[in-house]
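Colleague: Below: one structure in structure tokens.
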Amino acid sequence: MATERVDERPADEHDPYARRPGYVTGVDGRTDRTTTAMVIGIVAGFLARVVLGFLGLAEWAALLGGIVIGLVVWLVLRALRRRADRIAGRSPDAVPQARDHAVAEANGGRRFFIAPNPVVVIVMGGIFVAVGVAPLVFDGATVAGLLTAVLVIASGLFFVVQGVGTLVVRRRERSGQ
């Protein structure tokens, strides 16, 4: 199985350094994968969670309501942005494809994440898992606590898998040289 290599970008592909309406610009100056719709959805979900909590809803209902409201806001705004891109004659997927191309160029042609220091990523994932498990062990299990723990533990496991994957890739590179 050969590693997919990136040779050159097609002429109609989005320039990763060009600003694009509806997208956040990352620290490196490139148009980020994170859309403003996603950011607004996360903020709306958090605010909905706070407001529902102030209204006296059960903790699990407020958390679930915040997640649902944030997800709906994000998906509606995303659909509107994609529609506006199509009407303007732009490809809605040009920014993510350009970002994937830039990541592949930075990682020697690989289109997946390679951590600069995989041990840090693994430790960070371990901390996430510990933070997710600790409230369940010490405070008992509630529905909201269980939902939160599942999200935090899943995030931690994602980081652990990414770190271990990077270690495996680096070990294969060293053994091939």
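The values are calculated or read from the model by the stated rules, or taken from the named source; none is laboratory data. Quick caveat: nothing in here was measured; it's all calculated off a predicted structure. Cβ sites come from the backbone with ideal geometry, for glycine too, and all protein chains shown count toward neighbours. Areas reflect the complete protein model, heavy atoms only, side chains present, ligands, DNA and RNA absent. Shrake-Rupley method; radii C 1.70, N 1.55, O 1.52, S 1.80 Å.
Colleague: When residues of the stretch 66-97 are filtered for being within 18 Å of the chain's Cα centre (by Cα), closer than 23 Å to L146 by Cβ and open to solvent by less than 40 Å² (accessible area, probe 1.4 Å), how many remain?
Modeller: Of the residues in the stretch 66-97, 1 are within 18 Å of the chain's Cα centre (by Cα), closer than 23 Å to L146 by Cβ and open to solvent by less than 40 Å² (accessible area, probe 1.4 Å).
Colleague: Which one of A48, A84 is out of contact with any Cys (no Cβ under 6 Å at 6 or more places or on another chain) and either hydroxyl-bearing (S, T, Y) or modelled with pLDDT under 90 (or both)?
Modeller: On the way: A48 fails: either hydroxyl-bearing (S, T, Y) or modelled with pLDDT under 90 (or both).
Exactly one of A48, A84 is out of contact with any Cys (no Cβ under 6 Å at 6 or more places or on another chain) and either hydroxyl-bearing (S, T, Y) or modelled with pLDDT under 90 (or both), namely A84.
Colleague: Any idea which of L136, L167 is at pLDDT below 85, of a type in the set (A, V, I, L, M), within 27 Å of F46 (Cα to Cα) and part of a helix (DSSP H, G or I)? Break it down stepwise before answering.
Modeller: Working: L167 fails: within 27 Å of F46 (Cα to Cα).
Matching residue, one of L136, L167: L136.
Colleague: Pairs under 7 Å by beta carbon, first residue over 20 Å from T36 (Cβ atoms) and among the polar types (S, T, N, Q) in the stretch 84-108, partner modelled with pLDDT under 70 and assigned to a helix (DSSP H, G or I), six or more apart or different chains?
Modeller: Hits for this filter: zero, empty list.
Colleague: Name the residue, out of A154, A144, that is part of a helix (DSSP H, G or I) and modelled with pLDDT of 85 or more.
Modeller: Details: A144 fails: modelled with pLDDT of 85 or more.
Selected residue: A154, the only one of A154, A144 that is part of a helix (DSSP H, G or I) and modelled with pLDDT of 85 or more.
Colleague: Against the conditions (1) farther than 30 Å from G145 by Cβ; (2) modelled with pLDDT of 85 or more; (3) surrounded by 17 or more Cβ atoms within 10 Å (Cβ to Cβ), where does L63 fall short? Just the number, please.
Modeller: So the condition that L63 fails would be (1).
Colleague: For the stretch 145-155, which residues satisfy the criterion of being under 13 Å from the mean Cα position of the chain (by Cα) and surrounded by 15 or more Cβ atoms within 10 Å (Cβ to Cβ)?
Modeller: Across the stretch 145-155, the qualifying residue is only S155.
Colleague: While we're here: From (1) open to solvent by 50 Å² or more (accessible area, probe 1.4 Å); (2) touching an Asp or Glu at 6+ places or on another chain (Cβ under 8 Å); (3) at pLDDT below 70, pick out the condition that doesn't hold for P10.
Modeller: (2)
Colleague: Moving on. When you look at L55, is it at pLDDT 90 or above and either surrounded by 14 or more Cβ atoms within 10 Å (Cβ to Cβ) or under 21 Å from the mean Cα position of the chain (by Cα) (or both), yes or no? So that I can check it myself, show each step before the final result.
Modeller: Values: at pLDDT 90 or above: yes; either surrounded by 14 or more Cβ atoms within 10 Å (Cβ to Cβ) or under 21 Å from the mean Cα position of the chain (by Cα) (or both): no.
Spelling it out, it is not the case that L55 is at pLDDT 90 or above and either surrounded by 14 or more Cβ atoms within 10 Å (Cβ to Cβ) or under 21 Å from the mean Cα position of the chain (by Cα) (or both).
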